[in-house]
Amino acid sequence: MSEIRKVLLELLESKITIDDAEKLLKANIIKEVGDLAKLDIFRKTRTGVPEVIYAQNKEINILIDIISGFLESKKFAIVTRYNEVQKKGILEEFGKNKDLEIEINEIGNIIIVKEKSFKFAETEGIVGIITAGSSDIPIANEAEVIVKAMGCEVISSYDVGIAGIHRIFTPLSNMIKKGVHIIIVCAGMEGTLPGVVASLVDVPVIGVPISSGYGLGEKGKGALTTMLQSCSPGLLVVNIDNGFGAGVSAAIIANKIAK
């Protein structure tokens, strides 16, 4: 149940006054964690996108405090781009709580801490996720976790890149048969695959350039340039290695179509 709905129900049931309801709604718009972070409690209500904790460069004590704030207000916390020290600290702090469960996606570098009774609401959105090579899987996994947290079903197929183009046709056909609303395609090197996929399907495609490659186009620059220069209509492109952004965008579109 959202914080807004909870307050409104308590008002309808005369458990609180209208003045109390106004104060609670104002107080919960932004929640501060010490003097270091402000949690956007109602982002999910406004936009359909859950707020996620970007762990990179955060001190472990600050990260723990932010996670605690999320658990108190939303019953779950999604932590992306963690390091081993942070993972250890999270397990030590929250692993001993019998009311919580911790899901760790080592490949996608994401941790979800949530109350055992909490379930992400399911929608009827369907998102396909494709990677050109196995090096692209970590970013695809990041996207997948976010897409599922936003309620969508995921149909994935990995390592079907342009070097063996025949590999793409069967999994792509299956995705279309199952009614995917949008497809995320992760590709490094020269980044050709998203444009190829976009030329074969009648749904939007999100290209994710991956930070791999040699020489001039290294660190995803070649893949990004290729995707941006693609002549295939229907191809959208996010920044290099931005699995989170691709996942959020795909889920918003899929959920809107499914409605």
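The values are calculated or read from the model by the stated rules, or taken from the named source; none is laboratory data. Owing to the predicted nature of the structure, the values given are computational and were not obtained by experimental measurement. Methodologically, a virtual Cβ is constructed for each residue, glycine included, from the backbone with ideal geometry; neighbour enumeration extends over all protein chains shown.
When Ile130 is evaluated against the numbered criteria (1) assigned by TED's automatic domain parsing to the domain that holds Val237; (2) modelled with pLDDT of 95 or more; (3) in a helix (DSSP H, G or I), which criterion, by number, is the only one it fails?
Checking Ile130 against (1) assigned by TED's automatic domain parsing to the domain that holds Val237; (2) modelled with pLDDT of 95 or more; (3) in a helix (DSSP H, G or I), the one that fails is (3).
For Val197, indicate whether it is touching a residue at least 24 places away in the same chain (Cβ under 8 Å), β-branched (Val, Ile, Thr) and farther than 17 Å from Glu142 by Cβ.
Here the answer is yes, as Val197 does meet what is asked.
Starting from region 112-127, keep only residues that are among the hydroxyl-bearing types (Ser, Thr, Tyr), then list their pairs with residues that are buried (at least 17 other Cβ atoms within 10 Å of the Cβ) whose Cβ atoms are within a distance under 7 Å, requiring at least 6 positions of separation or different chains.
From region 112-127, the pairs are Thr123/Gly151; Thr123/Cys152; Thr123/Asn255.
Whether any residue in region 155-172 is within 28 Å of Lys256 (Cβ to Cβ), modelled with pLDDT under 95, touching a helix residue (DSSP H, G or I) at 6+ places or on another chain (Cβ under 6 Å) and assigned to a loop (DSSP other than H, G, I, E, B) is what I want to check.
yes
Kindly indicate whether Ile90 is within 26 Å of Ile252 (Cα to Cα) and crowded, with 21+ Cβ neighbours inside 10 Å.
no
Among the residues of region 151-160, are any of a type in the set (S, T, N, Q), assigned by TED's automatic domain parsing to the domain that holds Ser134 and surrounded by fewer than 17 Cβ atoms within 10 Å (Cβ to Cβ)?
no
In this structure, does Ile137 turn out to be farther than 27 Å from Lys75 by Cα, touching a residue at least 60 places away in the same chain (Cβ under 8 Å) and not assigned by TED's automatic domain parsing to the domain that holds Leu63?
The answer is no for Ile137.
Just the residues that are surrounded by fewer than 24 Cβ atoms within 10 Å (Cβ to Cβ), in contact with a strand residue (DSSP E or B) (Cβ under 7 Å, 6 or more places away or on another chain) and not polar (S, T, N, Q), please, taken from region 129-143.
Within region 129-143, Ile137 is the sole residue that qualifies.
Check off (1) at pLDDT 60 or above; (2) within 18 Å of Ala149 (Cα to Cα); (3) not basic (Lys, Arg) for Ala27 and give me the number that stays unchecked.
All conditions are met except number (2).
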